[in-house]
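Trainee: Dropping the structure in here first, questions after.
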Amino acid sequence: MSQIKFGTDGWRAIIGEDYTIDNLKRVAAATALWVNKKAELQKRVVIGYDCRFGGKMFSEVSAQVLAHYGIEVILSPGFASTPMVSLAAKKLNCGCGVVITASHNPPSYNGFKIKGSYGGPALPDMIDEVEALIPEQFTERLEPLESLISAGRIRYEDLETMYVNQAESVFDMAAIRASRFRIGYDAMYGAGQNAVRRLLPEATLMHCEFNPGFNGTAPEPILKNLREFSDMIRSSGTIDIGFATDGDADRIGLLDSKGNFVDSHHIILMLINYLHTFKGLNGKIVNSFSCTSKIGDLCRQLGLENIITKIGFKYICGYMVTDDVLVGGEESGGIAVSTHIPERDGIWIALTLIEYMAKTGKSLESLIDEVYAAVGTFAMDRIDWHLDNSLKEEIMSHCQSGAYKTMAGEDIVRTETVDGYKFWLSSGSWIMIRASGTEPVLRIYCEAPDQATATRLLESAKAELESEELMWS
């Protein structure tokens, strides 16, 4: 049997290669063993699946394995988003939650996410413990699903309705629905589609059909995957705010009334303005190392504590389950707020921003302008540079040794090393270099006053790194 390793957000693999029924049974067995070892946890697990191929089948097999170990299993009767499972794990007092999903990965993948009893991602220690319990093989004979259901060892719960009811109780849905602002939504064929239909019945919908292959596109809500949605908004002239969610609906992509992409950095800043300045809520702001420095600037203005974490929402979640956190967010579209569980949730974040617009009567563009008035204009960009592993390692070695004194034609005035290497330049911009741990990819990030400068600095930094490393080699 192959070795199974969990990544930053669960186990993911290509269906039919490493993602097989046999391997899935091994992971489910390890999850069951872990729950049973923890005396403080209820021996109850909720399982959901997204819209990918085989999701229902894989969730049922997982349920059979967990029930085999004496665990009460709650199954979603239809596809459910990751936030729905996380919410259910907390509300139903479960030892953990399981989501059969590969999130934003290509349609050939599926996966297995574990959610804590508190309603958020499993923390790193928890994942390590489960991974260590994965057996070499699973040969136990499983009882039929129907028998387990008849015996009450597996039961169904409508996770989508639980989620919709929670949203209805928290948001001023009457104000949102009565607002003059028109909403567009691109489900990317993912698990958020039915909940948005119920919560925002007047929204203009796109890709809200069941399509396990996601029409051949990875369901990641980034600009290159939202061109059709952006073009629709731009050409129609009838949408004031558009949002998209990924395959399991925990990430958000946001578009303004002109179809322009609004990144997570701007979303986090708007959320701080709404929840703290407008609504009077308090708490820490926690964001990953690759986020804009403007978050720290706004926090200092407002007297809020800002905590910077390594990249990966599990690190943000670690603070959210122990501290009073108002907003937690990362560059990739995963954002959580204190009005909800400690979990990324694309729909919840969209509803928060739409409520902000409804309550203030201001357009999305006006709310962004208010951010700029407070902290100044800025732009963020990133290059994913595919290169040989040897060159990647050489560059990272030089970063570690402090060999770089300039970057993109500017002096480096200071360096931060929370997760990768962030080089602050003499102009006030910064360039960050971080290596992928699983691929021959070097990620180069940049923050600058405007998009043109960010693009120029990124291209210049990449060219310099490539030429210098070739010379040194």
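Trainee: Net charge within 10 Å of Thr82 by Cβ-Cβ distance, Lys/Arg positive one each and Asp/Glu negative one each, not counting Thr82 itself?
Mentor: Combined, the nearby Lys, Arg, Asp and Glu give -3.
Trainee: Whole Å is fine, so just give me how far the alpha carbon centre of region 397-437 lies from that of region 153-224.
Mentor: So the two Cα centres are separated by 40 Å.
Trainee: Using a 1.4 angstrom probe and counting only protein chains, how large is the accessible area of His340 in Å², to 10?
Mentor: 30
Trainee: State to the nearest 20 debye the size of the charge dipole of region 34-157 about its Cα centre, where the only charges are +1 on K and R beta carbons and -1 on D and E beta carbons.
Mentor: Result for region 34-157 is approximately 380 debye, rounded to the nearest 20.
Trainee: Treat each spin label as a single point 7 Å out from the Cα along the C-beta direction, and report the Glu466 to Phe210 distance in nm.
Mentor: 4.6
Trainee: Shifting gears a bit: Magnitude of the Cβ-charge dipole of the chain, K/R +1 and D/E -1, about the Cα centre, nearest 20 debye?
Mentor: On the way: 45 positive and 62 negative charges, 222 e Å.
Dipole size: approximately 1060 debye.
Trainee: Sticking with the crude label model, points 7 Å out along Cα→Cβ, report the distance from Leu33 to Asp388 in nm, one decimal please.
Mentor: 4.1
Trainee: Within region 178-278, report the trypsin sites (Lys or Arg not before Pro) that DSSP leaves as loop and that have at most 12 other Cβ atoms within 10 Å.
Mentor: Sparse-neighbourhood loop trypsin sites (Lys or Arg not before Pro): Arg180, Lys258.
Trainee: Which of the GluC sites (Glu not before Pro) found in region 171-228 are in a DSSP loop and have at most 14 neighbouring Cβ atoms, other than their own, within 10 Å? Present the calculation step by step, with values, prior to reporting the outcome.
Mentor: Details: sites: Glu202, Glu209, Glu228; in loops: Glu202, Glu209.
Taking region 171-228 and a limit of 14 other Cβ atoms within 10 Å, the loop GluC sites (Glu not before Pro) found are Glu202, Glu209.
Trainee: A further question on this structure: What's the FRET efficiency of Ser366 with Tyr69 using the Cβ-Cβ distance as r and R₀ = 51 Å, to the nearest 0.05?
Mentor: Details: r = 54 Å, r/R0 = 1.07.
Once the sixth-power term is evaluated, E becomes 0.40.
Trainee: Report Phe6's accessible area, 1.4 Å probe, all protein chains in place, as a number in Å² to the nearest 10.
Mentor: 20
Trainee: Can you work out the Karplus-derived ³J(HN,Hα) for every residue in region 281-296? Use 6.51 cos²θ - 1.76 cosθ + 1.60 with θ = phi - 60°, whole Hz, and x for glycine or proline.
Mentor: Running phi through 6.51 cos²θ - 1.76 cosθ + 1.60 with θ = phi - 60° gives 7, 10, x, 6, 10, 10, 9, 6, 4, 8, 7, 4, 6, 5, 4, x Hz.
Trainee: With 23 Å as the limit, write out which pairs from Lys115/Lys279; Lys38/Lys115; Lys37/Lys115; Lys279/Lys314; Lys5/Lys37 have Cα-Cα distances beyond it, or answer none. Don't jump to the answer; show the numbers that get you there.
Mentor: Working: Lys115/Lys279 30 Å; Lys38/Lys115 15 Å; Lys37/Lys115 16 Å; Lys279/Lys314 27 Å; Lys5/Lys37 21 Å.
In this structure, Lys115/Lys279; Lys279/Lys314 exceed 23 Å between Cα atoms.
Trainee: Further question: At q = 0.06 Å⁻¹, what is the base-10 log of I(q)/I(0) for the chain according to the Debye formula with one equal point scatterer per Cα and no solvent? Please give it to two decimals.
Mentor: The computed values of log10 I(q)/I(0) come out as -0.27.
Trainee: Using the beta-carbon distance between Ser235 and Ala452 and R0 = 30 Å, what value does 1/(1 + (r/R0)^6) give for FRET efficiency, to the nearest 0.05?
Mentor: The formula returns an efficiency of 0.70 here.
Trainee: Something else about it: Go through Gly54, Val99, Pro77 and say which Cα lies farthest out towards the positive end of the charge dipole of region 38-136; charges sit on Cβ, +1 for Lys and Arg, -1 for Asp and Glu.
Mentor: Pro77
Trainee: With each run of n ≥ 4 DSSP H residues scored as -39500 (n - 2.57), what mean residue ellipticity at 222 nm is computed for the chain after dividing by its residue count and rounding to the nearest 500 deg cm²/dmol?
Mentor: On the way: 16 runs with 179 residues, N = 473.
That calculation yields -11500 deg cm²/dmol at 222 nm.
Trainee: In what sequence, largest accessible area first, do Arg52, Arg443, Arg177 appear using a 1.4 Å probe? Display every interim value, and only then the final one.
Mentor: On the way: Arg52 5, Arg443 45, Arg177 110 Å².
Largest accessible area first, the list is Arg177, Arg443, Arg52.
Trainee: While we're on this one: Accessible area per residue of region 293-444 at 1.4 Å probe, in Å²?
Mentor: On the way: 5920 Å² over 152 residues.
Here the per-residue accessible area is 39 Å².
Trainee: Grab the other residues whose beta carbon is less than 15 angstrom from that of Arg456, score K and R as +1, D and E as -1, and report the net.
Mentor: -4
Trainee: Mind ordering 211-222, 388-399 by average Cβ neighbours within 10 Å, highest first?
Mentor: Values: 211-222: 18.0, 388-399: 15.6.
So the order, starting with the most tightly packed, is 211-222, 388-399.
Trainee: Let me ask you something else. State the percentage of accessible surface on region 312-360 attributable to carbon and sulfur atoms; use a 1.4 Å probe and exclude ligands, DNA and RNA. It would help to have the intermediate numbers written out before the result.
Mentor: On the way: 430 of 1060 Å².
Taking all protein chains in place, region 312-360 shows 41 percent carbon and sulfur surface.
Trainee: Mind checking the dipole of region 334-473: about its Cα centre, +1 per Lys or Arg Cβ, -1 per Asp or Glu Cβ, Debye to the nearest 20?
Mentor: Working: 12 positive and 23 negative charges, 64 e Å.
Result for region 334-473 is approximately 300 debye, rounded to the nearest 20.
Trainee: For Glu459 and Ala132, what is the calculated FRET efficiency with R₀ set at 41 Å and r taken between the beta-carbons, to the nearest 0.05? Show your work: numbers first, answer last.
Mentor: Details: r = 44 Å, r/R0 = 1.07.
Taking R0 as 41 Å, the efficiency between Glu459 and Ala132 is 0.40.
Trainee: Please report the accessible area of Lys37 (heavy atoms, 1.4 Å probe, ligands and nucleic acids excluded) in Å², nearest 10.
Mentor: So the heavy atoms of Lys37 present about 140 Å² to solvent.
Trainee: In nm, give the distance between the simple-model label positions of Thr139 and Ser169, each being 7 Å from the Cα along the Cα-to-Cβ direction.
Mentor: 4.8
Trainee: Sticking with this structure for a sec: Give the shape of region 396-473 as rounded, prolate or oblate, defined through the alpha-carbon gyration tensor: a ≥ b ≥ c are the square roots of its eigenvalues, a/c under 1.5 means rounded, and otherwise the shape is prolate if a/b is larger than b/c and oblate if not.
Mentor: Cα axes put region 396-473 in the rounded bin.
Trainee: Work through the residues other than Met232 whose Cβ is under 14 Å from its Cβ and net out their charges, Lys, Arg +1 and Asp, Glu -1.
Mentor: Every neighbour counted, the sum reads -1.
Trainee: How far, in nm, would the chain grow between Ser2 and Asn260 when pulled straight, counting 0.36 nm per residue and subtracting the alpha carbon separation?
Mentor: Net length gain for the segment: 88.5 nm.
The values are calculated or read from the model by the stated rules, or taken from the named source; none is laboratory data. Predicted model only: the values in this text are computed from it and were never measured. Neighbour counts run over all protein chains shown; Cβ positions are idealised from the backbone, glycine included. All accessible areas refer to the heavy atoms of the entire protein, side chains included, with ligands and DNA or RNA removed. Shrake-Rupley method; radii C 1.70, N 1.55, O 1.52, S 1.80 Å.
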